[in-house]
Amino acid sequence: MAPEGERGRALAVLFLVQCAFATLAVVGKVTLAVVPWPALVLARCAGAALCFGLLGLGRGESLLPPPGHRGRLALLGFLGVFVNQACFLAGLQRTSAIHGAVLVATIPLFTLGFSVALGRERLRGALAAGVAVALAGTLLVVHPERATVAREDLLGDLLVVLNSAAYGLYLTLARGAVLALGASAVVRQVFFVGALLALPLGVPAALGAASWGPRAYLLLGYTVLVPTVFTYAANAWCLARLPASVVSVFIYFQPVMAAALAVTASARLSRWLGVALPAESLDARTALGAALVLGGVWLATRPERLSGPGEP
């Protein structure tokens with residue numbers, strides 16, 4: 001178990017991570033109107049791999065995967081980078097934002113399920129209650145009753161669910177690798193794997209990059225640096241200090257923050273890029289949902305439940 005002061009810093013970093021991730025819902029949706037999703041996947045994977053590679057070189061670290069861990073790192077790169085990003089962006093392009101927000105909120109449920117199934121954590125009352133309360137708040141925010149499962153949305157919904165399952169399993173498995181190898185080494189290697197896997201998918205889609213325009217490139221740069229490089233590095237740092245289920249439950253902040261960004265920045269950003277993107281209004285129901293999300297995260301991350309059997 002991490003010391004109390006370090007645990008508090010890790011929780012604060014997790015909050016910042018979700019702020020950064022939430023911007024992807026708005027920035028990504030706008031960018032996808034110009035940049036094909038396979039090209040955006042390649043940009044995120046290759047751009048982050050380059051950043052983490054340069055950082056490793058600057059620290060004098062080896063860029064080769066450590067012997068004995070290569071299979072594990074390849075699996076983590078496949079699940080946590082390639083499948084996660086490809087399925088989310090492909091699904092976001094095909095389904096509604098409401099569907100995407102509801103389905104992404106299942107990541108903590110997948111993480112908890114995998115952690116319990118693999119014996120990494122024990123199902124405890126406070127954690128289960130926190131997940132339930134936070135999920136209730138998320139459903140209030142995203143208004144799932146407005147969603148309709150149309151035929152054309154079905155593939156997008158399934159892809160987002162697959163993204164959630166892949167990232168939940170990644171969080172469960174990555175903790176052991178982070179503790180053994182360090183956060184920077186794990187993140188660098190998983191993005192190397194993700195970039196290699198994204199090449200055959202993204203290169204053909206990027207052939208028309210000259211027509212995207214300078215503003216689209218600015219959004220691409222932001223997408224690589226903030227909701228990719230920063231979020232993955234910070235999440236890995238937090239996994240060395242907190243159980244995977246605690247890291248994943250902070251994902252419930254995302255729909256709340258994304259809704260706020262949609263109200264304040266979405267329309268302005270879409271006009272800036274020259275595309276149309278519907279905005280949402282902030283109402284009393286959304287405020288209540290936000291309060292429940294905060295309460296659920298507090299309940300699930302209380303100090304007395306952060307350490308369980310098998311947890312350092």
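The values are calculated or read from the model by the stated rules, or taken from the named source; none is laboratory data. Predicted, not measured: the structure shown is a model, and the values here were computed from it. FYI the Cβ positions are ideal-geometry reconstructions off the backbone, even for glycines, and counts take in every protein chain you see.
Data overview
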{"read-out": "Verdict on Leu40 being in a helix (DSSP H, G or I), within 21 Å of Leu218 (Cα to Cα), in contact with a Leu (Cβ under 6 Å, 6 or more places away or on another chain) and at pLDDT 85 or above", "value": "yes"}
{"read-out": "Subset of region 170-187 (residues that are part of a helix (DSSP H, G or I) and either under 16 Å from Gln85 (Cα atoms) or small (Gly, Ala, Ser) (or both))", "value": "Tyr170, Leu171, Ala174, Gly176, Ala177, Ala180, Ala183, Ser184, Ala185, Val187"}
{"read-out": "Qualifying residue in region 101-115 (condition: over 17 Å from the mean Cα position of the chain (by Cα), of a type in the set (S, T, N, Q) and buried (at least 20 other Cβ atoms within 10 Å of the Cβ))", "value": "yes"}
{"read-out": "Of all residues making up region 53-86, the number that are touching a residue at least 24 places away in the same chain (Cβ under 8 Å) and surrounded by fewer than 23 Cβ atoms within 10 Å (Cβ to Cβ)", "value": "16"}
{"read-out": "Residue that is modelled with the lowest pLDDT, among those in region 1-17 that are assigned to a loop (DSSP other than H, G, I, E, B) and not small (Gly, Ala, Ser)", "value": "Met1"}
{"read-out": "Every residue from region 199-234 that is within 16 Å of Tyr170 (Cβ to Cβ) and over 15 Å from the mean Cα position of the chain (by Cα)", "value": "none"}
{"read-out": "Hits in region 18-37 (condition: outside any helix (DSSP H, G or I) and either among the basic types (Lys, Arg) or closer than 24 Å to Val256 by Cα (or both))", "value": "Leu32, Ala33"}
{"read-out": "Tally of residues being of a type in the set (Gly, Ala, Ser), crowded, with 16+ Cβ neighbours inside 10 Å and farther than 18 Å from Trp298 by Cβ across region 1-41", "value": "5"}
{"read-out": "Residue, modelled with the highest pLDDT, within region 160-203, restricted to residues that are polar (S, T, N, Q) and under 17 Å from Arg72 (Cβ atoms)", "value": "Gln189"}
{"read-out": "Filter pass, Ala240 being crowded, with 21+ Cβ neighbours inside 10 Å and in contact (Cβ under 8 Å) with a residue 24 or more places away in the chain", "value": "no"}
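Residues are listed down the side, and each one gets a yes or a no for (1) part of a helix (DSSP H, G or I); (2) at pLDDT below 90; (3) farther than 30 Å from Gly208 by Cβ; (4) in contact with a Phe, Trp or Tyr (Cβ under 6 Å, 6 or more places away or on another chain):
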| position | (1), (2), (3), (4) |
| --- | --- |
| Cys51 | yes, no, no, no |
| Gly56 | yes, no, yes, no |
| Pro66 | no, yes, yes, no |
| Arg72 | yes, no, yes, no |
| Gly80 | yes, no, no, yes |
| Gly91 | yes, yes, no, no |
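Conditions tested, residue by residue: (1) aliphatic (A, V, I, L, M); (2) part of a helix (DSSP H, G or I); (3) surrounded by 18 or more Cβ atoms within 10 Å (Cβ to Cβ).
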| site | (1), (2), (3) |
| --- | --- |
| Leu199 | yes, yes, no |
| Ala210 | yes, yes, no |
| Thr231 | no, yes, yes |
| Thr264 | no, yes, no |
